[in-house]
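The values are calculated or read from the model by the stated rules, or taken from the named source; none is laboratory data. This one's a predicted model, so the numbers in the text were calculated from it and none came from an experiment. FYI the Cβ positions are ideal-geometry reconstructions off the backbone, even for glycines, and counts take in every protein chain you see.
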Amino acid sequence: MTISPRKFDFLLEQAIDDLPPQFAQWLDECPVIVEDEPSEQMRREMGVDEDGDLLGSFNGVAITMRSVDEAAGLPAHIMIFRKPLMEMCESEEELADEIRITLLHELGHYAGFDEDDLERMGYA
């Protein structure tokens, strides 16, 4: 499915507005950036081939692993990739749900959870 960037951003804003307060507070320190798709370099670095789906990415040091020195470096951020998310969905409702899950998944990485933890919580 395809929607306008403005509509996609609106769905992301809704997902952010619906976050539980303990998750929402992290967005002050870890902004969300929307890109059309991941770069080839990012795909290589993450071990995702051309056929693999990369819906989002957390870049930075998890809050559970930061030292005072690391906190002063580049800020952590989350990237959400518009095209892969749209390509995997057949309806706007499904897309809204996938955006929410992807956002929670990447915020989980910010909180220090690994892939197994996130899968157990339903955010894989």
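Data table
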| quantity | calculated |
| --- | --- |
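Per-residue answers, yes or no, for (1) out of contact with any strand residue (DSSP E or B) (no Cβ under 6 Å at 6 or more places or on another chain); (2) touching a residue at least 12 places away in the same chain (Cβ under 8 Å); (3) closer than 16 Å to Met88 by Cβ; (4) not in a loop (DSSP other than H, G, I, E, B):
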| position | (1), (2), (3), (4) |
| --- | --- |
| Leu12 | yes, yes, yes, yes |
| Ala24 | yes, no, no, yes |
| Ile33 | no, yes, no, yes |
| Val48 | yes, no, yes, no |
| Ala62 | yes, yes, no, no |
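Yes/no per residue for (1) surrounded by fewer than 17 Cβ atoms within 10 Å (Cβ to Cβ); (2) among the β-branched types (Val, Ile, Thr); (3) modelled with pLDDT of 85 or more:
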site	(1), (2), (3)
Gln25	yes, no, yes
Glu45	yes, no, yes
Glu50	yes, no, no
Ser67	yes, no, no
Ile80	no, yes, yes
Arg100	no, no, yes
Asp114	yes, no, yes
